[in-house]
Amino acid sequence: MNFVVPIKQVPDLVEELELNEEGTDLSRDTVKYKINEFDDQALEEALQLKAEIGGAVTVLALDGEETDKMLFTAIAKGADRGIKLMGDFAGGVAMHAAAKAMAGAIAAIPYDLILTGVQAVDDRDGQLGALLAGYLGVPQVSVVTGVRVESGKAVVRKEYSGGVMAEFEVDLPAVLGIQAAREIPRYVAVSRVRQVMKSATLEEVEVHNAAGDEGSSVRRMMKPPKGSRAQMIQGSPEEIADKVIDLLKAKGLKK
């Protein structure tokens, strides 16, 4: 079995994010990046399937800041092959263009299952899996929380709103949008990543005609308004209760 996992880096939401002067994007000079959480889930599920039924895992990503480190980290976790797609991706790339570039690269290599993250923190549509499936002409299921492979087919669990679960049997090759792997994504030590950087080699694939203006665009970004600080109430239980009642009356919530 050949598993392919597209991965990307996204802004680390733990850090303080600043907007650029135009208010159309983040100030990329100050942004710290990390692997998209759901892509990490997809990679872990691919590695679990590899251990269960055998095969090879290929990770690929668009060229960008620290892309090499991200791909080497995936190899350190257990991926067999890393592919970096080379092109003009400065300033970001539309989802359709990213999917077209990845589909072109994937079509040139053997694959049975493509596992994508179900979404990313910087996407406005989360449709990478569906677009890949459309470009490649294969079936796709998203919001997947369980995968097993039987007799050349994938049996997947899909989660709907309200906690409703469904099971689908999907012909291979196929694209699956992974929401949660069967195990927590594995940790890999920095020393191991550095070792892999010295011994492993990334493949570079030039991407042509991937640009396009399909999809949405950002006209303006704004930080959410800051609310007032919480009011701390001190005193005995009786005094606190009286103050709470007074506040509710002042806000018109109690007569």
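Bear in mind that the values in this text are calculations on the coordinates, not laboratory data. Keep in mind the model is a prediction, meaning the values are calculated, not measured. Backbone-built Cβ (ideal geometry, glycine too); neighbour counts: all protein chains shown.
Check each of the trypsin sites (Lys or Arg not before Pro) in segment 63-130 and keep only those in coil by DSSP with at most 12 other C-beta atoms within 10 angstrom; list them in order. Don't skip to the answer; put the middle values down first.
Values: sites: Lys69, Lys77, Arg81, Lys84, Lys100, Arg124; in loops: Arg124.
Those satisfying the criteria are Arg124.
By the scheme Lys and Arg +1, Asp and Glu -1, what is the net charge of all other residues having a beta-carbon under 13 Å from that of Gly235?
Working: positive: Lys243; negative: Glu238, Glu239, Asp242, Asp246.
Neighbourhood net charge equals -3.
Looking at segment 2-206, send over the antiparallel percent of its DSSP beta bridges, to the nearest 5. Don't jump to the answer; show the numbers that get you there.
Working: 17 of 41 bridges.
Counting DSSP beta bridges with both partners in segment 2-206, the antiparallel share is about 40 percent.
Loop only per DSSP, at most 14 neighbouring Cβ atoms within 10 Å: give me the GluC sites (Glu not before Pro) in segment 147-237, ordered by residue number. Let's see the in-between values first.
Values: sites: Glu150, Glu159, Glu167, Glu169, Glu183, Glu203, Glu204, Glu206, Glu214; in loops: Glu183, Glu214.
Those that pass, being in a loop and sparsely packed, are Glu183, Glu214.
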Along principal axes, largest first, the alpha-carbon spread of segment 2-206 in whole Å comes out as 53, 42, 31
Put in order of increasing Cβ neighbours within 10 Å, starting from the fewest, Leu43, Leu17 give Leu17, Leu43
Magnitude of the Cβ-charge dipole (Lys and Arg +1, Asp and Glu -1) of segment 2-206 about the Cα centre, nearest 20 debye, reported as 840
Excluding residues fewer than 8 positions from Lys100 in its own chain, the lysines with Cα under 17 Å of it are Lys8, Lys84
One finds the C-alpha centres of segment 168-202 and segment 90-122 to be spaced, in Å, by 15
Any lysines whose Cα falls less than 30 Å from that of Lys226, other than same-chain ones fewer than 8 residues away, would be Lys32, Lys34, Lys243, Lys249, Lys251, Lys254, Lys255
Taking alpha-carbon centroids only, segment 129-152 lies from segment 1-63 a number of Å equal to 19
